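First comes the structure, then the notes that go with it.
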Amino acid sequence: MSKRELKQQQWHERIAAYRASGLSRSAFCREQNLNLWQLNYWLRKENPRSTPSKASPTWIPVEVNPHEQLCSRNVLQIKVGVATIEVKPGFDEKLLGDVIRTLSALC
């Protein structure tokens with residue numbers, strides 16, 4: 001048996017032991033003193049169908065409503081701490097003031 005075949009056989013046995021152990025990959029590697037990336041490599045090599053395919057992306061048509069784009073330009077965003085407030089035309093000035101004072105006190 002060649003050195004390469006011996007290594008493949010050894011990893012085949014390790015993978016079988018990992019699957020039978022019921023342990024996570026990390027726990028199994030700690031227990032067996034193995035590198036996690038090596039186990040992951042051999043798992044992919046043994047089962048290449050589990051790796052993501054390199055198929056070309058699928059494009060999805062998107063319809064953009066020009067009216068919505070114009071409306072979004074009239075929105076003012078105010079950031080107070082971690083909060084963001086969107087202010088649109090016709091807003092209630094008193095309510096906005098109350099909200100900003102409350103957020104300022106909390107943030």
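Taking R0 as 22 Å, what FRET efficiency do you get between Gln38 and Ala16 from their Cβ-Cβ distance, rounded to the nearest 0.05? Don't skip to the answer; put the middle values down first.
Values: r = 16 Å, r/R0 = 0.71.
Working from the Cβ atoms, E equals 0.90.
Quick one: ranking Leu106, Leu6 by accessible area, 1.4 Å probe, largest first, what do you get? Don't jump to the answer; show the numbers that get you there.
Working: Leu106 140, Leu6 105 Å².
Output order, biggest surface exposure first: Leu106, Leu6.
Among the lysines, which fall within straight-line cross-link reach of Lys45, defined as a Cα-Cα distance under 23 Å, with same-chain neighbours fewer than 8 residues apart omitted?
Lys3, Lys7, Lys54
The values are calculated or read from the model by the stated rules, or taken from the named source; none is laboratory data. Note that this is a predicted model, so its numbers are computed, not measured. Glycine also receives a Cβ, built like all others from the backbone with ideal geometry; neighbour counts cover every protein chain displayed. Just so you know, the surface numbers come from the protein's heavy atoms only, side chains and all, with ligands and any DNA or RNA stripped out. Shrake-Rupley method; radii C 1.70, N 1.55, O 1.52, S 1.80 Å.
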